[in-house]
1. Give the residues of region B:89-112 that are within 14 Å of chain A (Cβ to nearest Cβ) and either out of contact with any Lys or Arg (no Cβ under 6 Å at 6 or more places or on another chain) or basic (Lys, Arg) (or both), sorted by residue number.
2. What are the pairs with Cβ atoms under 9 angstrom where one residue, in region A:119-130, is without any contact (Cβ under 8 Å) to a residue 60 or more places away in the chain and within 13 Å of another protein chain (Cβ to nearest Cβ) and the other, located anywhere, is open to solvent by 40 Å² or more (accessible area, probe 1.4 Å) and assigned to a helix (DSSP H, G or I)? Sequence gap at least six, or different chains.
3. In region B:239-270, what count of residues is obtained for those that are open to solvent by less than 10 Å² (accessible area, probe 1.4 Å), part of a loop (DSSP other than H, G, I, E, B) and β-branched (Val, Ile, Thr)?
4. Look at region A:146-179 and say how many of its residues are acidic (Asp, Glu) and within 14 Å of another protein chain (Cβ to nearest Cβ).
5. Residues B:Ile33, B:Ile26: which one is in contact with a Gly (Cβ under 7 Å, 6 or more places away or on another chain), within 22 Å of B:Tyr354 (Cα to Cα) and open to solvent by 40 Å² or more (accessible area, probe 1.4 Å)?
6. Just for region A:367-376: of the residues that are open to solvent by less than 70 Å² (accessible area, probe 1.4 Å) and either in contact with a Phe, Trp or Tyr (Cβ under 6 Å, 6 or more places away or on another chain) or more than 8 Å from every other protein chain (Cβ to nearest Cβ) (or both), which one is modelled with the highest pLDDT?
7. Being closer than 13 Å to A:Met263 by Cβ and within 14 Å of chain B (Cβ to nearest Cβ) is the filter here, so list the residues in region A:297-315 that pass it.
8. For B:Phe385, are the conditions met, namely being at negative phi and at the interface with chain A (Cβ under 10 Å from one of its Cβ atoms)?
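The values are calculated or read from the model by the stated rules, or taken from the named source; none is laboratory data. This one's a predicted model, so the numbers in the text were calculated from it and none came from an experiment. So basically every Cβ, Gly included, is an ideal-geometry build from the backbone, and we count neighbours across all protein chains shown. All accessible areas refer to the heavy atoms of the entire protein, side chains included, with ligands and DNA or RNA removed. Shrake-Rupley method; radii C 1.70, N 1.55, O 1.52, S 1.80 Å.
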Amino acid sequence: MTDALNSFVESIGGYGVFAAAWVWAILSIYLIVIVIHLFNRRHANESVRIHMKKKTPEFDELIEKVAANTSDDAEIRRVLPPAAFPYFARYIEHRLAGTGNVDASVESTIAEKSGFADHLRKRIQKHGGWKRALALRSLSYLRNSRDIELFRSILETDRFKHAIFAAALGLGLCGDTESLEAVLRKLYVETPSNRDMVLSTLLAYGNKGADAMNKVLASAELVPAVQGVIVDFLGTLKHRPALPTILKLLKHATDKEAAIHFMEALEKIGSEKDCEVLLPYLKDSDFRMRLKAINALERLAGSRYLDEAEQLMNDESPWVTRNAAEAISRMGPDGLARLKALAHDRNERKRLAAKMVIAEREFGRIRWRYRYANSIP
Amino acid sequence: MLTVFHSVLYASDVFVFWYFVALNAIYMILLGIAAKAMYEYNEERRIERGVALPPEFMKPFSVIMPAFNEELAIIDSVTALLQLDYPEFEVLVCNDGSTDKTLDLLKEHFTLEKVEVEKMDRYPCGPVKAVYFSRKDPKLVVIDKENRGKPDALNTAACFSRYPYICSVDADSLLARDSMTKLMHGFVAVPGSVAVGGVVRLANGAKLEKGQIRELGMPRNMVERIQIVEYFRAFLFGRVGFSRLNVLLIISGAFGVFRQDILEQIKGWNRKAIGEDMELVVHMQKLVSQTNNRLKIIFAPDPVCWTQAPSTLGLLSIQRDRWQRALTQCLTKNINMFFNLKYRNIGMIGYPYYFIFELLGAVIEFIGYPLVIMSFILGIIDLRFFLLFIAVALVWGLCISVTSLTLAELSYKRYPGRKALWQLLQAALYENFGYRQLHAYWRFKGMIRYIFGKKADWGEVHRYRFEHSHRNEGEH
């Protein structure tokens, strides 16, 4: 028995003992390599920082000169040789990031004349994965309509999520509204993107995209999730021509998630006469519907729905109770008087919510969303 | 008889040896996963640069901060929170019956006024003494209550929250200004996220200016430096790797955001738990595992929370003892998850890992080191076995610590200069040759203390004043 145990453990341990020298050698080599890599990485990080510090004023000056037409091609190539392309990529990343209306014509001219733009286009053709995606994103900052075909072809052919995203952004920033449907299809239906990222991408199209998007919303057979994103986009841009479509969608909505977005958009672009469509949602079984409906009603019709809001202060969901109290507090003098009375109500839910909202108003603790809503023209 | 004793000892040596092989192999796999994840995370951030949701679509959150005798750090911590770069949030501090000047300082510094409001009982918690709103910053609410422990304070603050996401933060921690933007991005980047954890790093040695870390200095004390390496390892590859495998079992109580509807379903933080943070995530994982991977608990390697770490071995031992008791309580209470297919990845990978390597590992490591040394002295194992054990248990561990330092090079805010790198390498060496063995003892002690009834004792906790940069001192 003992012999058997001995030979068993010897056999297990034996393999380990035999490998001792190899393990030590491998670990030592690994340790040396990783320490060298660590210092190299530190050096590379420092080097980028130092170069960026040096190059940024040079790039700033070049942009000023090109904008003033006081620079020639030779100077552009001198300040921006191929070795400086990685730094210029970072520079425009900081300078031109954002999906707002940015004029990138000077940077685009510099990129074309220095060969930087061609360098990016070659990288896009030659590489795949992250390298392609990053090059596409850099190219998108330049907002050059010459690259629309390239972005479109990547959107159609590439399967890497981030490259598709970068190409879609490029198309948006170039204002290519013709590609909107393709972008939506690719980003939402074929690639597992989330709705917030799709919305961010669509916002790159800005106001130019609103009409096209409204047409897509009205005409195409879209899944509710896509409808929700488009409606968010139109609501954010306060695109009033979309109102009839939104009202129609809300009236016949079967998907609750989508209905939430329709109500939010309606709150932004609707008016008092659009309230009827919201009333059934005050009695919806989903608390989010009741909450959104009362917010929208208050926003669109002021104190007209004061009684309905008070009823919701006895809702089973504390979220609805609070929202209803906040809605009443924004319903002018009538609303405030009602809320003060409710602070002494026998009903505990109503009393707690009313007292909290009154105190919050006194200290300026107003939820930002409603400050935003107040600023809507 | 002696032969049997030798055989058992030898078998134990072989077991301990293979335990370390398995542990370090798992670490290496996690390192690989984490390195890939961090690379991708950084590239993704570059691609998404400048692409943001309009502010009205950014998810608002409530920060809740329990505070018990935090007079030294509370003003800096709350100031940092109120400066967060985010369109909409609130800060709820729950003074958990402090016996020092925590409440008085808050009242004075933030011009607090008592308000007549009552608590909505959404989470189980004790009575509230008073609620204060701030005249200085409308985002701040302070709740005063009797001392009933951290989970009760968290639940109390959560009862007053008015946003759909809740972020729990420790009172000795500082959030970087952009940390919440990055942390909340987790809910955008990964659809179905119900909780997102962020990186916790050491504020020891750092200098503050206007509530933010301005200068990241290396602490002078080796105990603190070792903890820097330890935190890098735990957060930058441990949690990033586990998150990628969807088996994250802990989000630090110092820094994590939770979806409030999920938090309501599990009735908030367990008031009887020693480690309420782990207990919460385990409960959430149980819930999440029933949703066929539709919901997720994730970890973001970029958002940073700075916290104070114990600066002496004595204080560190108390903290680690408590952590081990918390782990023991949580894992033994949820033993039904062990290799339980019903809980999917978390039951088959996450829980077994924590049970074998974090819980039982304390016993194996504590007994393992002296056992192998004794076997070598008694001649039961030869020099080659002994050297092989050293290589596998310690040198491999050193390799892993150093590799995690390279991951830190990919992360936000690095310790400047080559000298700092050498100091961290030195700390990694001490960590594996000395500290790790001591740590095994503390963990073992904590487990034994839990088994023999010392369950809820928090022990001594020391707080320090954050170090301010000279400019800021002048301003004060």
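1. So the first thing to find is which residues in region B:89-112 are within 14 Å of chain A (Cβ to nearest Cβ), and the list is B:89-92, B:110-112.
Once the filter is applied, which keeps residues that are within 14 Å of chain A (Cβ to nearest Cβ) and either out of contact with any Lys or Arg (no Cβ under 6 Å at 6 or more places or on another chain) or basic (Lys, Arg) (or both), region B:89-112 yields B:Phe89, B:Leu92, B:Leu112.
2. Between residues of region A:119-130 that are without any contact (Cβ under 8 Å) to a residue 60 or more places away in the chain and within 13 Å of another protein chain (Cβ to nearest Cβ) and residues that are open to solvent by 40 Å² or more (accessible area, probe 1.4 Å) and assigned to a helix (DSSP H, G or I), the close pairs are A:Trp130/B:Tyr39.
3. Residues in region B:239-270 being open to solvent by less than 10 Å² (accessible area, probe 1.4 Å), part of a loop (DSSP other than H, G, I, E, B) and β-branched (Val, Ile, Thr): 2 in total.
4. Counting residues in region A:146-179 that are acidic (Asp, Glu) and within 14 Å of another protein chain (Cβ to nearest Cβ) gives 1.
5. Details: B:Ile26 fails: in contact with a Gly (Cβ under 7 Å, 6 or more places away or on another chain).
Exactly one residue qualifies, and that residue is B:Ile33.
6. Looking only at region A:367-376, we keep the residues that are open to solvent by less than 70 Å² (accessible area, probe 1.4 Å), and these are A:367-370, A:372-373, A:376.
In the following step, the residues that additionally are either in contact with a Phe, Trp or Tyr (Cβ under 6 Å, 6 or more places away or on another chain) or more than 8 Å from every other protein chain (Cβ to nearest Cβ) (or both) were identified as A:370, A:373, A:376.
Working: A:Tyr370: 50, A:Ala373: 42, A:Ile376: 35.
This residue is A:Tyr370.
7. Selection gives A:Arg299 alone.
8. Values: at negative phi: yes; at the interface with chain A (Cβ under 10 Å from one of its Cβ atoms): yes.
It is true that B:Phe385 is at negative phi and at the interface with chain A (Cβ under 10 Å from one of its Cβ atoms).
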